[in-house]
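**Q** Got a structure here, written out as structure tokens. Questions coming.
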Amino acid sequence: MDHPAEVPHRRRPGRRRRAAVSAVVRAVFIAAGLVTVYYVLPLDGRGTRGDSVLLACGLLLVAVVFWWEVRAIVSSPFPRLKAVEALATTLALFLLLFAGAYFLLEHTTPGSFSEPLTKTDSLYFTLTTFTTVGYGDIVARSQTGRVLTMIQMAGGLMLVGVAARILAGAVQAGLRRQGRESSDDFPSRPER
């Protein structure tokens, strides 16, 4: 049996539960906050050159937020929970960035999609593209729309594949830093 001083987090299962609830609540609030910002932002479609710069800066922001979150995972007392929060933040930011880009494209170059896009339509198209469901009711018609959609597809694959691997590595580094390897982050059923 482990000495209580060696593994203090096992002595307080309530602390793990509070941390898990806190992480889920933070992830939901972050995602909801980002969605709210998306709907409140006055995206009026001023020009395609500025929109390209905005998209590039947005993608850089996603990378910086991701890097920041990876560093936070390594130093977190509950790295797996922090990884869930990090994924929610990065994924929401990535998807909303593309939803905004599609909205701006449709408003600066009407006819870029099979139908005019509202912010909700843009978010819907973004999610159907990301999940690879692709209902086909909204499709990119212009070359710019198709290129933007391909960039989202490639970025989505990288986010799911590469970013998930990086997050998993950060979790393992955080656990090693704490001297533990098992999953002590998530509350489990009481032992009998």
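**Q** Could you tell me which numbered condition Val64 fails, if it satisfies all but one of (1) surrounded by 13 or more Cβ atoms within 10 Å (Cβ to Cβ); (2) of a type in the set (Val, Ile, Thr); (3) within 30 Å of Gln178 (Cα to Cα)?
**A** Condition not satisfied by Val64: (1).
**Q** Say whether the condition of being assigned to a helix (DSSP H, G or I), open to solvent by 40 Å² or more (accessible area, probe 1.4 Å), within 20 Å of Leu60 (Cα to Cα) and not hydrophobic (A, V, I, L, M, F, W, C) is met by at least one residue in segment 79-92.
**A** no
**Q** Select, from Phe78, Phe94, Phe66, the only residue that is aromatic (Phe, Trp, Tyr) and farther than 23 Å from Met153 by Cα. Walk me through how you get there before you give the answer.
**A** Working: Phe94 fails: farther than 23 Å from Met153 by Cα; Phe66 fails: farther than 23 Å from Met153 by Cα.
Sole residue among the options that is aromatic (Phe, Trp, Tyr) and farther than 23 Å from Met153 by Cα: Phe78.
**Q** Got a number for residues in segment 1-34 being open to solvent by 60 Å² or more (accessible area, probe 1.4 Å) and modelled with pLDDT of 80 or more?
**A** 9
**Q** Moving on. Looking only at segment 98-144, how many residues end up being surrounded by 20 or more Cβ atoms within 10 Å (Cβ to Cβ) and among the acidic types (Asp, Glu)?
**A** Within segment 98-144, residues that are surrounded by 20 or more Cβ atoms within 10 Å (Cβ to Cβ) and among the acidic types (Asp, Glu) number 1.
**Q** When residues of segment 107-147 are filtered for being assigned to a helix (DSSP H, G or I) and without any contact (Cβ under 8 Å) to a residue 60 or more places away in the chain, how many remain?
**A** Kept after step one, since they are assigned to a helix (DSSP H, G or I), are these residues of segment 107-147: 107-108, 119-130, 143-147.
If we keep only those that are without any contact (Cβ under 8 Å) to a residue 60 or more places away in the chain as well, we get 120-122, 124-130, 143, 145-147.
Selection size over segment 107-147: 14.
**Q** Restricting attention to segment 145-162, which residues are crowded, with 17+ Cβ neighbours inside 10 Å and either at pLDDT below 85 or of a type in the set (Lys, Arg) (or both)? Outline the logic, then answer.
**A** The initial filter retains those residues of segment 145-162 that are crowded, with 17+ Cβ neighbours inside 10 Å, namely 145, 148-149, 152, 155-156, 159.
Within segment 145-162, Leu159 is the sole residue that qualifies.
The values are calculated or read from the model by the stated rules, or taken from the named source; none is laboratory data. Quantities reported herein were computed from a predicted structural model and do not represent experimental measurements. So basically every Cβ, Gly included, is an ideal-geometry build from the backbone, and we count neighbours across all protein chains shown. Please note that ligands, DNA and RNA were not included when accessible areas were found on the heavy atoms of the full protein model with its side chains. Shrake-Rupley method; radii C 1.70, N 1.55, O 1.52, S 1.80 Å.
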